[in-house]
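K.L.:
Encoded as structure tokens, here's the structure I'll be asking about.
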Amino acid sequence: MDARLEPFEIKMQKSLKNLEDEFGAIRAGRANPHVLDKIKVDYYGTPTPIQSVANVNVPEPRMIQIQPWEKSMVKEIERAILTSELGINPTNDGTVIRLVFPELTEDRRKELAKDIKKKGENAKVAIRNIRRDANDSFKKLAKEDVSKDEIKDLEDDAQKMTDKYIVQVEKAVEAKTKEILTV
């Protein structure tokens, strides 16, 4: 691969990784510790991920158990979960916080499937924008005595790379939609 394409491929990889991270935060009726990834808790004045102040595990398919390393963190973690967009009320026994995930309704599954599709479209747009930026940078190479054929080859390679990442986004969307719609 041409070194001039590399920075654009790295950006496309980041777009795909970002989409996968967003999908990890969408809950599918099963407990997935990644739904906590974006929730930060106030740890001595510093916003800190829950996984950095507690032991997080999944003892049952629809339950996440959070055991803070410091007892004083139970209330902080509980508050962070309540103020998040998770939509689950935590229960605690003073030392352990439990999140019980309800079974998803059919309507909620369809709503999540639409949301997944939308996130996938946004990722495709981001990838196409990266291709446009790449093509713009290649056009500027014409001023540096780079042949039109070479520029055309770079643009073709950028298109092939774009197509590859668009297919990966579509596969990720398809897999996550199937996971959500499977009862």
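K.L.:
From the list I180, I97, I151, exactly one residue is out of contact with any Cys (no Cβ under 6 Å at 6 or more places or on another chain), of a type outside the set (G, A, S) and either under 30 Å from E70 (Cα atoms) or modelled with pLDDT of 90 or more (or both). Which is it?
P.N.:
Matching residue, one of I180, I97, I151: I97.
K.L.:
Next question. Out of I77, I64, I need the residue that is touching a helix residue (DSSP H, G or I) at 6+ places or on another chain (Cβ under 9 Å), part of a strand (DSSP E or B) and farther than 30 Å from R132 by Cα. Which one?
P.N.:
I64
Rundown of residues vs (1) open to solvent by less than 20 Å² (accessible area, probe 1.4 Å); (2) of a type in the set (K, R); (3) modelled with pLDDT of 90 or more, yes/no style:
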position: N55; (1), (2), (3): no, no, yes
position: L82; (1), (2), (3): no, no, no
position: R108; (1), (2), (3): no, yes, no
position: N129; (1), (2), (3): no, no, yes
position: S147; (1), (2), (3): no, no, no
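K.L.:
While we're here: Among what's in the range 84-129 and is in contact (Cβ under 8 Å) with a residue 12 or more places away in the chain and among the β-branched types (V, I, T), pick the residue that is farthest from A172 (Cα to Cα).
P.N.:
The qualifying residue farthest from A172 (Cα to Cα) is T95.
K.L.:
Moving to a separate point now. Of a type in the set (D, E), farther than 17 Å from Y43 by Cα and either in contact with a Leu (Cβ under 8 Å, 6 or more places away or on another chain) or not in a loop (DSSP other than H, G, I, E, B) (or both): is that true of E85 in this structure?
P.N.:
Answer is no for this residue.
K.L.:
I've got another one for you. Tally the residues that are touching a Gly at 6+ places or on another chain (Cβ under 7 Å) and open to solvent by less than 20 Å² (accessible area, probe 1.4 Å), restricting the search to the range 84-103.
P.N.:
Of the residues in that region, 1 qualify.
Residues are listed down the side, and each one gets a yes or a no for (1) at pLDDT 90 or above; (2) in contact with a strand residue (DSSP E or B) (Cβ under 7 Å, 6 or more places away or on another chain):
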{"position": "Y43", "(1), (2)": "no, no"}
{"position": "T46", "(1), (2)": "no, no"}
{"position": "P68", "(1), (2)": "yes, yes"}
{"position": "K71", "(1), (2)": "no, no"}
{"position": "L86", "(1), (2)": "no, no"}
{"position": "T105", "(1), (2)": "no, no"}
{"position": "E121", "(1), (2)": "yes, no"}
{"position": "A126", "(1), (2)": "yes, no"}
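K.L.:
Same structure again: Quick one: how many residues across the range 1-52 are assigned to a strand (DSSP E or B) and either surrounded by fewer than 15 Cβ atoms within 10 Å (Cβ to Cβ) or touching a residue at least 12 places away in the same chain (Cβ under 8 Å) (or both)?
P.N.:
7
The values are calculated or read from the model by the stated rules, or taken from the named source; none is laboratory data. Predicted model only: the values in this text are computed from it and were never measured. Cβ: placed from backbone, ideal geometry, glycine included. Neighbour counts: every protein chain shown. For accessibility, only protein heavy atoms count, side chains too; no ligands or nucleic acids. Shrake-Rupley method; radii C 1.70, N 1.55, O 1.52, S 1.80 Å.
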